[in-house]
Amino acid sequence: RAVVNCPLAKGELDDALGVADQVVGKLDDKKKKAGAMYILASIQLSKDDGVSEAVAALGKVRSFYKDAGDGDGEAEALMAVAELQLAYGDVEAAVGSAKEASSTAADAGMKAKTLLTVASASMAQGDADGAMKAATEAQAKAK
């Protein structure tokens, strides 16, 4: 992270992206690659019109976690995608990403978090029944 902060402090987003990409390329551990790719995604969001690139980077985060056999990491990446999609008005895609995150989560706590994202996305879509169902299921998983 520190290696990326220098160009970021200077406002050099393209340089920061290049450094982050190099870091991802040098790492062998899939979970560490995922962490570095999260940083890359956050830099993409700092750029004008960087949302689609950030979503693509989060897709790679998901792939790295999937390759590492980390279902909860994969679910967290999908939740991040869903939240981005919600924030930028792509409600239908957000519902799909949130539901996929829910089906991917392994741990009950993570499953509960993903279900809350499903509930939020469902409410944004105008599906109050779906939101209530997801919220109720999240509450049951959290116990």
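The values are calculated or read from the model by the stated rules, or taken from the named source; none is laboratory data. Note that the coordinates shown come from a computational prediction; the quantities given were computed from them, not determined experimentally. Neighbour counts are summed over all protein chains in view; Cβ atoms, including those assigned to glycine, are modelled from backbone coordinates with ideal geometry.
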Let me spell it out: the conditions are (1) surrounded by fewer than 20 Cβ atoms within 10 Å (Cβ to Cβ); (2) in contact with a Phe, Trp or Tyr (Cβ under 9 Å, 6 or more places away or on another chain); (3) closer than 23 Å to residue 8 by Cβ, and residue 45 meets all of them except one. Which number is the exception?
(2)
When you look at residue 11, is it assigned by TED's automatic domain parsing to the domain that holds residue 120, in a loop (DSSP other than H, G, I, E, B) and surrounded by fewer than 16 Cβ atoms within 10 Å (Cβ to Cβ), yes or no?
no
So, in segment 74-89, exactly how many residues are surrounded by 23 or more Cβ atoms within 10 Å (Cβ to Cβ) and among the hydrophobic types (A, V, I, L, M, F, W, C)?
6
Restricting segment 93-143 to residues that are under 16 Å from the mean Cα position of the chain (by Cα) and charged (D, E, K, R), the residue that is nearest to residue 67 (Cα to Cα):
100
Within segment 54-72, is there a residue that is more than 27 Å from residue 32 (Cβ to Cβ) and either basic (Lys, Arg) or touching a residue at least 24 places away in the same chain (Cβ under 8 Å) (or both)?
no
